[in-house]
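Working notes for the structure below.
Every read-out reported here was derived from the displayed coordinates using simple, explicitly stated rules and does not represent laboratory data. Quick caveat, the model's predicted, so the values are computed rather than measured. FYI the Cβ positions are ideal-geometry reconstructions off the backbone, even for glycines, and counts take in every protein chain you see.
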Amino acid sequence: MDHISIIKKALSTTLRYRALWILGFLWALVGGGSTGGNYFSGPGRSSNWHEGGKSFPNMNFNPVSWLPWIILACGLLLVLGIAFTIVRYVLQAGIYRSLQQLSREGQSPTVRAAFRAGWHRRTWRLFLQNLVITLPLTIFAILLLALAASPLILVTAHSDWVKGVGVFSAIGLIVGWMFLILVVAMAITILEQFWWRAAVLDDRPTFAAIHRGWQLVRNHLKDVLIMWLLMLGVGILFTLLLIPLLLVLAALVAAVAGLPGYFIYQSTHSWLPTLLWALPTTIILLILPLTFIQGLYLIFKAEVWNQVYASVTTSPSETPLPPVEV
């Protein structure tokens, strides 16, 4: 496996096709790659609103009167979260399939074709894989944490020596628990790249795809670990290069959003017009550019692991799997 050539080809593919830019931006916007940005936050509530230096009547917070609005907001957030999750999985599967078609057939990716490829029952397997892996591991991690923290019960003892033993034992066990969680998380981030693609690209059923991913990583452990380490270095380099850009964008936001926002507040004495100017400006000048760049990185990463998957599955040491009817 030529790891450097794979990275170079993935970078070239990412920069060449503009449809991938759009797909990556949308993927990052809905939380692709397990990103957890919260891009929309509302202003804090004050007991008085001001406009033109005059106060509106004081509006005391009444939980009963606000309850319908709270329920409505929670319902909207739930619907939005479900919609984002569906779109994220559809985009993930569609991007994987589009990149595979580009590599095998030279077919240029399009946004419509990616959504069409992702809107398929095979995409449901991605959700099931994440569920059957994440849920048991989360429960196990919580139980293991409770067991690691159990020596803290000794702090109820009367002896200071026994209390110290309990505290230091708990600290040692919790540190060991953190290290174990880190190792397991690293292993999952590697394995999921293969069982995701076994489900989406080779149309394997959920558990068969998980087994196939484990098998491929085990059979090609050296090449996979080398690529993982290289991608770790690429990720660190990407972060370092992003810092100067982030500083420039932050300065731009401070000049375009913050300074006018300050004068708006000084002239109106109200947070509402200030936020109506500052919030959209911040989204346009800061959030959207960073999301676009994050989307490019997601496409690059997806193409790298697509090529790695293709390389290990076509290796002479691998027995070709029988085709599956979809």
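Here the peptides 179-186, 88-95 are ranked by packing, the mean other Cβ count within 10 Å, and the order with the highest first is 88-95, 179-186.
Lysine pairs in the chain whose alpha-carbon atoms fall under 24 angstrom of each other, counting only those eight or more residues apart or on distinct chains, come to 5. Spin-label model, Arg112/Leu135: points 7 Å from Cα along the beta carbon direction are separated by 3.8 nm. Each of Phe115, Phe127, Phe263, Phe300 was scored by other Cβ atoms within 10 Å of its Cβ. Arranged with the fewest first, they read Phe263, Phe127, Phe115, Phe300. If you take the Cα centroid of region 137-184 and the Cα centroid of region 97-113, the two points sit 50 Å apart.
Listed from fewest to most Cβ neighbours within 10 Å, the set Trp21, Trp195 follows the order Trp21, Trp195.
In this calculation the C-beta distance from Leu240 to Trp277 is compared with R0 = 22 Å, giving a FRET efficiency of 0.10.
Counting only Cβ charges, +1 for Lys and Arg and -1 for Asp and Glu, the dipole size of the chain around its Cα centre is about 500 debye. Positive end of the dipole of the chain (Cβ unit charges, origin at the Cα centre): among Phe84, Gln193, Leu15, the Cα lying farthest that way belongs to Leu15. The calculated FRET efficiency for Ile4 paired with Glu105, based on their beta-carbon distance and R0 = 25 Å, is about 0.50. Round to the nearest 10 and give me the degree value, 0 to 90, for the angle of helix 160-200's Cα axis relative to the longest principal axis of the chain. It is inclined by approximately 60 degrees. When only Cα pairs below 8 angstrom with a gap of at least 6 residues are kept, the chain shows a relative contact order of 29 percent.
Helical content of the chain, expressed as a calculated mean residue ellipticity at 222 nm, amounts to -25500 deg cm²/dmol (DSSP H runs of 4 or more residues, -39,500 (n - 2.57) each, divided by residue number, nearest 500).
Averaging the sequence gap over all C-alpha pairs within less than 8 Å and six or more residues apart, then dividing by the number of residues, gives region 178-326 a relative contact order of 23 percent.
Going from the residue with the fewest nearby Cβ atoms within 10 Å to the one with the most, Leu102, Leu67, Leu144 rank Leu67, Leu144, Leu102. Taking a ≥ b ≥ c as the square roots of the Cα gyration tensor eigenvalues, with a/c under 1.5 meaning rounded and otherwise prolate when a/b beats b/c, else oblate, which class fits region 215-301? Since a/c reaches 1.5 and a/b is larger than b/c, the shape of region 215-301 is classed as prolate. Using the Karplus relation 6.51 cos²θ - 1.76 cosθ + 1.60 with θ = phi - 60°, the per-residue 3J(HN,Hα) values for region 280-290 come to x, 5, 5, 4, 5, 8, 10, 5, 5, x, 5 Hz, with x marking Gly and Pro. Equivalent ellipsoid of the chain: semi-axes from √(5λ) of the C-alpha gyration tensor, largest first, are 41, 33, 21 Å. Per-residue Karplus couplings for region 18-32, computed as 6.51 cos²θ - 1.76 cosθ + 1.60 with θ equal to phi - 60°, are listed in order as 6, 4, 5, 4, 5, 4, x, 4, 5, 4, 5, 5, 9, x, x Hz, Gly and Pro entered as x. With R₀ set to 25 Å, the beta-carbon distance separating Leu77 from Val155 gives a calculated FRET efficiency near 0.05.
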